[in-house]
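Comments concern the structure below.
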Amino acid sequence: MDGKKLPDQIKKIVLALSPELAPIPADIDQATHEEFVIHEITKLIYEIPLFFRWGLFASLWLFNVLPVFSGYGFKRFISQPADKKNVYIRSWADSRHAFKRDVFKAVKGIIALVTLSHSVLWKEMGYEPQSHLEERINLRQKIINEKRTINNS
């Protein structure tokens, strides 16, 4: 990652959104999972072009400060209680404004992608990649062997 870090404010927003958008089972260590999420989201975000990255950061910043101006009290999103967070997130997901819906979909997609890529959760979900990988490797080997047979004929 070349020493790239997410801005502290963006980290706080992501960590506040993560359990709301992609909850994890209670028996998973929360601190380890949060560290994983921040590391993977940082890698993902720094792969997108600079202009889009700035747009995502600005959108997350707006998401964080708009509750103050939207009737949710004088607290930013990261300081809201869980019930108000859920209502506020839902208001973005169901908004009449395309900007809010699109920001919600993008952030939810990023957080879900990163959360579900955590190998600790795979067993909980019933996902066993090893058998799938073996199947794909065998299928690829079969195709390669068939091509060799055709080319040698």
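Every read-out reported here was derived from the displayed coordinates using simple, explicitly stated rules and does not represent laboratory data. Note that the structure is a prediction, hence the values are computed from the model and not measured. With ideal geometry, Cβ positions are generated from the backbone for all residues, glycine too; neighbour counts draw on all protein chains shown.
So the values come out like this:
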| item | result |
| --- | --- |
| Lone unmet requirement of (1) of a type in the set (Gly, Ala, Ser); (2) more than 29 Å from Ser59 (Cα to Cα); (3) in contact with a helix residue (DSSP H, G or I) (Cβ under 6 Å, 6 or more places away or on another chain) for Ser131 | (3) |
| Neighbours by Cβ (under 6 Å, 6+ apart or cross-chain): first from the stretch 75-94, more than 18 Å from Lys108 (Cα to Cα); second surrounded by fewer than 19 Cβ atoms within 10 Å (Cβ to Cβ) and not polar (S, T, N, Q) | Arg76/Val65 |
| Inter-residue pairs, beta-carbon under 6 Å, first over 16 Å from Lys43 (Cβ atoms) and in the stretch 3-20, second of a type in the set (D, E, K, R) and crowded, with 19+ Cβ neighbours inside 10 Å, 6+ apart | Glu20/Lys85 |
| Residues satisfying the stated conditions in the stretch 103-127, i.e. touching a Phe, Trp or Tyr at 6+ places or on another chain (Cβ under 7 Å) and assigned to a loop (DSSP other than H, G, I, E, B) | His118 |
| Those residues of the stretch 94-128 which are within 15 Å of Ser59 (Cα to Cα) and loosely packed, with under 14 Cβ neighbours inside 10 Å, in sequence order | His97, Ala98, Phe99, Asp102, Lys105, Gly109 |
| Spans of helices (runs of 4 or more DSSP H) in the stretch 1-97 with at least 1 residues of a type in the set (Lys, Arg) and touching a Gly at 6+ places or on another chain (Cβ under 9 Å) | 82-93 |
